[in-house]
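J.: My questions will all concern the structure given below.
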């Protein structure tokens, strides 16, 4: 139930040893794109020694390993054996890749949906063991489609919708793709709000200065919290399955949603 | 045989190791006065863990913490092993 998932390069000590100061709810240490082929070994050893020495209770730590069909996959996974991480972020998601990872570890898996084929199979992916969230990787997805990313993000509307619906249907977190223009705060706010309105529960990010806006967008607002409290209070005093509040019909799904809002509010001290 | 690991970026160190008939360690660090002894100790301890008694180790430190120094040295050692195979 994190709001923000910050990617940090896996071979950069200055970022790694400060991972708890960025205020991101979750950190994704990256072994994939931000680590060159010649430095994969170096990143693995660095993170292994780092996680043996330091532990963090306030932040979830994931590692984006290389894809299951890459030559680095096995070494990536074994280098994290017995370390205190929340789970793996698996790029180029496929059912087969997830099953390969499940053979090696029981930790949580966040598959990145970043190809048209993965999008077509997203429900199968969501049903796989250990999958706790779905993450949209829009850069690779649009690259495979041969289309350009735009600030309006109309080109990923369908992908976002399917991923958010599927994740919610299977009780998983839905993590939106990063907003790559790190200096456009207004654009980030619009982009994150659009994702939230489609059903995303959180957003990944590539720069620490994006954390504050993303945490704000994906936290329940004061208005939502107040309404949720009223719904729960009234439901506790009602013996009926459905009742009316301010002229609106309140039934079980709305009560469950209100409970989730209050859970989030409690988690983030709101 | 010479291998290296790490970088000269802030909070990192560049470690280069090469053949020697004894244990030699040279350290250049931006914080040598405060932490030179500690860096030396981390290097010696890491070499001991790997049962290495003869090696020339050069460390160019840019404020790396112990885990980074240990990691860069272990990477250089691993690369040396791979190159020897």
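J.: Which residue is nearest to residue B:3 (Cα to Cα), if the candidates are limited to the range A:32-46 and must be part of a loop (DSSP other than H, G, I, E, B) and more than 12 Å from every other protein chain (Cβ to nearest Cβ)?
T.: By that ranking, first place goes to A:35.
Here's the yes/no breakdown for (1) within 18 Å of the chain's Cα centre (by Cα); (2) within 26 Å of residue A:211 (Cβ to Cβ):
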position: A:81; (1), (2): no, no
position: A:102; (1), (2): no, no
position: A:114; (1), (2): yes, yes
position: A:119; (1), (2): yes, no
position: A:123; (1), (2): yes, no
position: A:152; (1), (2): no, yes
position: A:170; (1), (2): yes, no
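J.: For the range B:61-74, how many residues are at the interface with chain A (Cβ under 7 Å from one of its Cβ atoms) and more than 9 Å from the chain's Cα centre (by Cα)?
T.: Total satisfying the criteria: 4.
J.: Continuing with this model, one more query. Residue A:147 versus (1) surrounded by 12 or more Cβ atoms within 10 Å (Cβ to Cβ); (2) without any contact (Cβ under 8 Å) to a residue 24 or more places away in the chain: which is the lone unmet condition?
T.: (1)
J.: Something else now. Do you know which of the residues in the range A:14-31 that are assigned to a loop (DSSP other than H, G, I, E, B) and surrounded by fewer than 23 Cβ atoms within 10 Å (Cβ to Cβ) is farthest from the other protein chains (Cβ to nearest Cβ)?
T.: Per the criteria, the residue is A:25.
J.: Among the candidates A:179, A:141, which residue alone is in a helix (DSSP H, G or I) and either at positive phi or not assigned by TED's automatic domain parsing to the domain that holds residue A:256 (or both)?
T.: Residue meeting the stated conditions: A:141.
The values are calculated or read from the model by the stated rules, or taken from the named source; none is laboratory data. On a predicted model such as this, the values are computed, not experimentally measured, just so you know. Every residue, glycine as well, gets a Cβ built from its backbone with ideal geometry; the counts of neighbours run over all protein chains shown.
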